[in-house]
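Everything below concerns the one structure shown next.
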């Protein structure tokens, strides 16, 4: 392989794939990035066996070829050199990079040992603008279960039907659901592993156009113009979460999101792990109290517009903050659905997102 | 105590003292900040017994008094509230903070249990502009020993004579010396502990005027307009470091600092812990090579203007980078003083700073 590449393009491509590079010491090949010439471009690939990323960049190829190069040193190197053009040449699994003021050899690995990232040949099911896909995923990030005891909860359910795409996550303490209107050519119900969700958010942050979703044989691919993320899906059945979302509310309050967030944060300083914070909504205000026998106590309120009866309940303040963080707009709606039922939070003027906090059980 | 204080001023004062607050769980009182009214102002104090900071802020006092308040929760609280004015009231070692939309009580401690920060009543020895003091300390930060096996090396020697103030640090692998011209009213030789040096740098970053140095009874104080840092000094004798600084050089090279730094960084990627990087200076260039049997190798060069004979030696590249980082100006001078003698680095046009790297011994 011999090619000339723009340093900035190469740097960007490396940053896209290197996060997937595994530090798995029992399989050192996974610590590499595969460089391979492909139809006049250079393909960079990384995989941790669960999740793989391919990206293509324009280069000037003088000789086709491929090599697996340790990601860490190559990334450090390419971030430090200041040349505009970099010439990469391989010989016997060694990558040499020479310029006017330096000569470098980086020891690589046999590209044949690099795991194959599956190719999904079926047609895309749906195409979603990257910024919208990212917006939906960010809203469901926090509610994924951290523990792998129930693998299906340590991920995001993506349900694609003919005219909507639903994103759901729950760790049984809270639940997030985002519904996007779309046009799909087929249906699918996929559980994305948590790392895939995080990587996909990062990939989308860097993209402008659309992302196509392809799905076959327990593998899902998210394909954009010059980058592709391929992931296994979680094997399992997602719980029937729809049952948990209350259809009716007893009381509903409309509150300024920023003020509520600030006051919950203040109260959180005094929350003890046991009693947490208490919220009580009366006709025109929501009062938040917290008490901690070691630190002190606080009572704070924010103006609220209440529909129906006053209500009160105790909650984990971090769950409230997680929900508020992802609410778009200036207003938030809080729906009380009864003691022992979830508290429902929604944006003031956006019906596509709902966030539930399950009641504390003593 | 009852007083009204501007939230921004209080926030700044807390940020100045809170870094000193100790997490020493056997003495919980050290986790507090002492609030005390003093001559119409509010004094905030924190100490970890080695090092104490006092700062004064303007407040409107309605009732004098004092209280010790847990630093962590007070700091979080004051950083979260959005009021311009905050009213602090104490009663039975509880601090209450009330405003239109909240009522807060923070449990404090008896101020009588708070350790006394020593007061140094002697006259200042010298007065140095904060920015210049900071500049000198930053240059000697990296060379302090990290280990406390030789406590005198885990700090900075400050030698004040009638017309100069010398700052020195060495961990026996490298040595930094900064000489400031000053007018002192007395002589002193003080070893500042490493944490004191770091805190002093932070304190100076935030100041505009002069810092006075006072010294008595193994305590040193750095006093500015509304803040004062008081520290014990390290008990011990600093080694006769002057003997280590070579008086003559065999060869001297003048090099562009930025280019050298970048090339050393590149070579450092290939440095193995044993052989490290080799630098070889010929008539018009400095060549840097590094080789690592696992990663690969590099040879890179930067233009140099050499006086006298070519030379070469092996060095720890991190020590070179630490030295270059603190060199002012565009050029750096490297002096070869013989195999087995230190490599000397100086700024191209500033005689006040010298940085030595001791030779590697195999």
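Just a few scattered comments:
- Single unsatisfied condition, residue B:81 versus (1) at pLDDT 95 or above; (2) crowded, with 20+ Cβ neighbours inside 10 Å: (1)
- Of all residues making up segment A:138-173, the number that are closer than 14 Å to residue A:188 by Cα and assigned to a loop (DSSP other than H, G, I, E, B): 3
- Scan of segment A:101-118 for residues that are outside any loop (DSSP other than H, G, I, E, B) and closer than 24 Å to residue A:48 by Cβ, ordered by number: A:106, A:107, A:109, A:111, A:112, A:113
- For segment B:306-319, a residue qualifies if it is outside any strand (DSSP E or B), in contact with a strand residue (DSSP E or B) (Cβ under 7 Å, 6 or more places away or on another chain), within 26 Å of residue A:106 (Cβ to Cβ) and more than 14 Å from every other protein chain (Cβ to nearest Cβ), and exactly one does: B:319.
- Looking only at residues of segment A:79-100 that are in a loop (DSSP other than H, G, I, E, B) and more than 9 Å from chain B (Cβ to nearest Cβ), we find that the one that is farthest from the chain's Cα centre (by Cα) is A:100.
- Residue identified as buried (at least 18 other Cβ atoms within 10 Å of the Cβ) and over 30 Å from residue A:32 (Cβ atoms) among A:128, A:106, A:132: A:128
- Once segment A:269-295 is narrowed to residues that are within 12 Å of chain B (Cβ to nearest Cβ) and farther than 23 Å from residue B:92 by Cα, the residue that is surrounded by the fewest Cβ atoms within 10 Å (Cβ to Cβ) is A:285.
- From the options A:311, A:353, residue that is touching a helix residue (DSSP H, G or I) at 6+ places or on another chain (Cβ under 9 Å) and surrounded by 18 or more Cβ atoms within 10 Å (Cβ to Cβ): A:353
- Residue B:261 away from chain A (no Cβ under 14 Å), closer than 20 Å to residue B:359 by Cα and under 35 Å from the mean Cα position of the chain (by Cα): no
- Among (1) modelled with pLDDT under 95; (2) crowded, with 16+ Cβ neighbours inside 10 Å - the single one residue A:157 does not satisfy: (1)
- Residues that are part of a loop (DSSP other than H, G, I, E, B) and at pLDDT below 95, drawn from segment B:41-78: B:48, B:49, B:50
- If the condition is being closer than 21 Å to residue B:357 by Cβ and at pLDDT below 95, then segment B:160-170 contributes no residue at all.
- Restricting attention to segment A:139-175, the residues that are closer than 19 Å to residue A:193 by Cβ and either outside the structural domain of residue A:206 (by TED's automatic domain parsing) or touching a strand residue (DSSP E or B) at 6+ places or on another chain (Cβ under 9 Å) (or both) total 24.
- Residue within segment A:296-305 that is in contact (Cβ under 8 Å) with a residue 12 or more places away in the chain, more than 10 Å from chain B (Cβ to nearest Cβ) and either in contact with a strand residue (DSSP E or B) (Cβ under 8 Å, 6 or more places away or on another chain) or more than 27 Å from residue B:108 (Cβ to Cβ) (or both) present: yes
- Selection within segment A:39-78 - within 12 Å of another protein chain (Cβ to nearest Cβ) and without any contact (Cβ under 8 Å) to a residue 24 or more places away in the chain: A:76
- All told, residue A:337 meets the bar of being more than 14 Å from chain B (Cβ to nearest Cβ), surrounded by 19 or more Cβ atoms within 10 Å (Cβ to Cβ) and modelled with pLDDT of 90 or more.
- Of everything listed in (1) closer than 20 Å to residue A:119 by Cα; (2) in contact with a helix residue (DSSP H, G or I) (Cβ under 7 Å, 6 or more places away or on another chain), the single unmet condition for residue A:23 is (1).
- Matching option when the condition is farther than 21 Å from residue A:327 by Cβ and out of contact with any helix residue (DSSP H, G or I) (no Cβ under 8 Å at 6 or more places or on another chain), among A:132, A:172, A:120: A:120
- When A:110, A:142 are screened for being more than 14 Å from chain B (Cβ to nearest Cβ) and over 24 Å from residue A:46 (Cα atoms), only A:142 passes.
- The listed residue being over 20 Å from the mean Cα position of the chain (by Cα) and either surrounded by fewer than 17 Cβ atoms within 10 Å (Cβ to Cβ) or closer than 30 Å to residue B:269 by Cβ (or both), out of A:117, A:146: A:117
- Selection count where residues are within 14 Å of chain B (Cβ to nearest Cβ) and in a strand (DSSP E or B), scope segment A:231-258: 2
- Figure legend. Inter-residue proximity from segment B:242-271: first residues under 17 Å from residue A:100 (Cβ atoms), second residues modelled with pLDDT under 95 and in a helix (DSSP H, G or I), beta-carbon distance below 6 Å, spacing 6+ or different chains. Indicated pairs: B:266/A:80.
- Test: residue in segment A:320-332 that is assigned to a strand (DSSP E or B), away from chain B (no Cβ under 14 Å) and under 25 Å from the mean Cα position of the chain (by Cα): yes
The values are calculated or read from the model by the stated rules, or taken from the named source; none is laboratory data. Just so it is clear, the model here is predicted, and its values are computed rather than measured. We place every Cβ from the backbone using ideal geometry, glycine too, and count neighbours over all the protein chains shown.
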